[in-house]
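Following: one structure in structure tokens, then a few remarks.
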Amino acid sequence: MQRIYNDHIQRNTQSLNGQWKFSVDPEDLGWEQRWYTGLKESRFVTVPSVWNTQLDLLEYEGAAWYEKEFYSRGGCLRFCFEAVMTEADVWLDGVHLGYHYGGFCQFDFIARNVQPGNHRLTVRVDNRFTPQSIPAAKVDWYHYGGITRNVSVETLKGLTVLNNRLEYALNADRTTATCRFILEIYNASGRKITKSVTAALDGKRVYSGDITVSGHKYATITTPEFTVENVRLWDPEDPQLYDICITTETDDLLDRTGFRTVEVIDQAVHINGKPFELRGVNRHEEHPDWGMAFPQGLMYRDLDIIRDLGCNSLRGSHYPNSQVFVDMLDECGIPFWSEIPFWGHGYTNETAGDPVVVQRGLSMHKEMVKYYYNHPCIIIWGMHNEMPTGEPAMLVMTKLYYPYLKENGGNRLVTYATDKAFVDICMEYCDIICLNRYAGWYYKDRDGWLEELESFRQRRKELGLEHKPVIYSEFGGAAIYGHHTFDDLRGTEEYQATMLDKALRAFHADPIVAGFYIWQFCDMKTCRQMGLDRARSYNNKGILNEYRKPKLAYYIVKKAYNEFKDEE
Ligand code: ADA
């Protein structure tokens, strides 16, 4: 996987990014005609990319085939895909390796006994929607397709370390951490072997032990507990990271983590025991020229802007972001909300209760937890967004996901974003109540917030949930970049700026509000199903336009966020 540091020194890793053969398959002929035995007609594309940036494929929804030749010295090969949108079938030299569902998380397939020489990797990608898709076809972003993040092939030798998780609990004064590693091991040799596995944290060996694995099998090691004294905390003010190094005789895995607490005390989110008002924006990983195959250089640029704006937190709406971006947030101390792409308006009680949908959502949570567990910046897991949470199926779903994330998700708060503040029946199953509200845009006016806050305070009381803080997870309104009038018209930069200023000041002044994430960082392309409400086919609620040019609201928000910081 690509990180902002090397994650292997011993393991041979080869990037498969770059030029691939590509062929669309609008009539679904590929399976029958066995395109996985070699693409006859094709053009070249770059991976990672979305196919929608090609002029004749702007709106293409369907299957497409990718093929790449590469040389390998053979052995046991692991093919790693960081994201394929949305369904992927993978073949090596015409042999099917596996299938993966879900557009925003990584997955891998292992091929054994591969001979030295040239090989052909084929991927069939399908971005169509069905009633069981996550997200559903009605979603407020563009229907992209393609191999959107990095691809690599690793040569696995002997006993290998596929994944690690550092579980910890800090003592009351946060100076000592009681820890253990959970290590996922794979025997690439195929023989019965007994080998040692070593784990080091910040250069100090904390575990070493032998394990016996027979055949091509997986094994899990749960190390005995060990303590870390004089903990250097990961704190937004000073985000200290610890290096992880897991080694076997023939393999290694390098990672990083950080120690911190996050909890709710007196209706406020506390990081490391200190109240922390979450002041942020919602950000999609999208750019008009790159779609959701978002280049690393632009991630740095976005982060630069986000920090200039005075944000101290981010919501990764609406899906797991690239690992490298989350690595950057770890480094610069920006607490992050990570969620799966359950975006609600396309679902009914019936489709949200469909067992396939529920299981797909659970698998997405499992993948997100597996691959993002060690990131200290992730302080919130989001289960879903604007789903029909007034309906019984959503109660069943939320009651399933919430305990899963509490038990397995590490030291984090768990929530979901609701647009049904007054009819939602799931609020018991979250640590913070997160409201998506658009006063001044979809209803009421920009001065409606005080009334709104008062009504919700009452509602929270009626539900007996007064101990739960509230986050305004979305609010805002559209402005077309460069649109100014003498009148206070919706759609102008002035209207948006005033609206956000009023909202931010109302939230900041209210003790039940623990944080706020503006909708949204920048304008983004949306899909046809969103209808006429989206001028230019964009969601224009960005405080920057899609090319990251600031609107008036940018400066108003920056002023407010800096004032709030100065009050601390
Ligand atoms: C919702 C949704 C966002 C966006 C927003 C809007 O709150 O979660 O993705 O669609 O509405 O612009 O209306």
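When you look at residue 338, is it polar (S, T, N, Q), under 20 Å from residue 264 (Cβ atoms), within 12 Å of the chain's Cα centre (by Cα) and within 16 Å of the ligand (Cβ to nearest atom), yes or no? So residue 338 passes the test. Among residues of the range 485-504 being touching a residue at least 40 places away in the same chain (Cβ under 8 Å) and not in a helix (DSSP H, G or I), the one that is nearest to the chain's Cα centre (by Cα) is 491. Looking at the range 354-364, can you tell me whether even one residue there is out of contact with any helix residue (DSSP H, G or I) (no Cβ under 9 Å at 6 or more places or on another chain), modelled with pLDDT of 95 or more and either among the aromatic types (Phe, Trp, Tyr) or under 28 Å from residue 5 (Cα atoms) (or both)? So far as the range 354-364 goes, yes, one or more of its residues are out of contact with any helix residue (DSSP H, G or I) (no Cβ under 9 Å at 6 or more places or on another chain), modelled with pLDDT of 95 or more and either among the aromatic types (Phe, Trp, Tyr) or under 28 Å from residue 5 (Cα atoms) (or both). Scan the range 245-258 for residues that are part of a strand (DSSP E or B) and either under 19 Å from residue 325 (Cα atoms) or free of Cβ contacts under 8 Å to residues at least 40 places away in the same chain (or both) and jot them down. Once the filter is applied, which keeps residues that are part of a strand (DSSP E or B) and either under 19 Å from residue 325 (Cα atoms) or free of Cβ contacts under 8 Å to residues at least 40 places away in the same chain (or both), the range 245-258 yields 254, 255, 256, 257. If you check residue 30 against the conditions, is it touching a Pro at 6+ places or on another chain (Cβ under 6 Å) and either at positive phi or surrounded by 13 or more Cβ atoms within 10 Å (Cβ to Cβ) (or both)? Considered against the rule, which asks whether it is touching a Pro at 6+ places or on another chain (Cβ under 6 Å) and either at positive phi or surrounded by 13 or more Cβ atoms within 10 Å (Cβ to Cβ) (or both), residue 30 comes out as no. Taking the listed residues 98, 103, 74, 145, the one that is within 16 Å of the ligand (Cβ to nearest atom), in contact with a strand residue (DSSP E or B) (Cβ under 6 Å, 6 or more places away or on another chain) and modelled with pLDDT of 95 or more is 103, with no other qualifying. Take the residues in the range 267-312 that are surrounded by 22 or more Cβ atoms within 10 Å (Cβ to Cβ) and among the basic types (Lys, Arg); name whichever of them is nearest to the ligand (Cβ to nearest atom). Top of the filtered list is 283.
Selection within the range 410-424: residues that are within 30 Å of residue 178 (Cα to Cα) and within 16 Å of the ligand (Cβ to nearest atom). The member of this set that is surrounded by the most Cβ atoms within 10 Å (Cβ to Cβ) is 416. Taking the criterion of being crowded, with 17+ Cβ neighbours inside 10 Å and more than 30 Å from residue 123 (Cβ to Cβ), would at least one residue in the range 139-157 satisfy it? There is no residue in the range 139-157 that is crowded, with 17+ Cβ neighbours inside 10 Å and more than 30 Å from residue 123 (Cβ to Cβ). Mind checking which pairs have a first residue in the range 526-544 that is at negative phi and a second that is basic (Lys, Arg) and surrounded by 13 or more Cβ atoms within 10 Å (Cβ to Cβ), Cβ under 6 Å, 6 or more apart or different chains? Short answer, once both residue conditions are applied: 526/534; 529/138; 538/525; 543/551. For the range 511-568, what are the residues that are in a helix (DSSP H, G or I) and within 16 Å of the ligand (Cβ to nearest atom)? 528, 529, 530, 531, 532, 533, 535, 536, 537, 553, listed by residue number.
For the range 464-495, residues that are touching a Lys or Arg at 6+ places or on another chain (Cβ under 9 Å), among the aliphatic types (A, V, I, L, M) and more than 19 Å from residue 265 (Cα to Cα) total 3.
Return the residue satisfying two criteria in turn: it lies in the range 317-335 and is crowded, with 24+ Cβ neighbours inside 10 Å and among the small types (Gly, Ala, Ser), and of such residues it is nearest to the ligand (Cβ to nearest atom). Once the filter is applied, the top-ranked residue is 317.
Under the condition of being touching a Phe, Trp or Tyr at 6+ places or on another chain (Cβ under 7 Å) and assigned to a loop (DSSP other than H, G, I, E, B), the residues counted in the range 141-179 number 1.
Per-residue answers, yes or no, for (1) closer than 15 Å to residue 511 by Cβ; (2) free of Cβ contacts under 8 Å to residues at least 40 places away in the same chain; (3) charged (D, E, K, R); (4) buried (at least 17 other Cβ atoms within 10 Å of the Cβ):
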| residue | (1), (2), (3), (4) |
| --- | --- |
| 426 | no, yes, no, yes |
| 446 | no, no, yes, yes |
| 459 | no, yes, yes, no |
| 482 | no, yes, no, no |
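Within the range 202-224, restricting attention to residues that are surrounded by 11 or more Cβ atoms within 10 Å (Cβ to Cβ) and touching a residue at least 40 places away in the same chain (Cβ under 8 Å), the residue that is nearest to residue 240 (Cα to Cα) is 202. Restricting to the range 482-506, and then to whatever is within 16 Å of the ligand (Cβ to nearest atom) and out of contact with any His (no Cβ under 8 Å at 6 or more places or on another chain), can you tell me which residue is modelled with the lowest pLDDT? Per the stated criteria, the residue is 490.
Residues in the range 78-99 that are under 17 Å from the mean Cα position of the chain (by Cα) and assigned to a strand (DSSP E or B): 81, 84, 85. Of a type in the set (Gly, Ala, Ser), crowded, with 19+ Cβ neighbours inside 10 Å and assigned to a strand (DSSP E or B): does that describe residue 199? Yes; evaluated as a whole, the condition is true for this residue. Can you work out which of the residues in the range 435-444 that are among the hydrophobic types (A, V, I, L, M, F, W, C) and in contact (Cβ under 8 Å) with a residue 40 or more places away in the chain is farthest from residue 472 (Cα to Cα)? Ranking the candidates gives 441 first. For residue 442, the stated conditions do not hold, so it cannot be described as of a type outside the set (Asp, Glu) and touching a Phe, Trp or Tyr at 6+ places or on another chain (Cβ under 6 Å).
The values are calculated or read from the model by the stated rules, or taken from the named source; none is laboratory data. Predicted model, so just to flag it, every value in this text is computed and none were measured. A quick note on method: Cβ atoms are made from the backbone with ideal geometry, for glycine too, and the neighbour counts reach across all protein chains shown.
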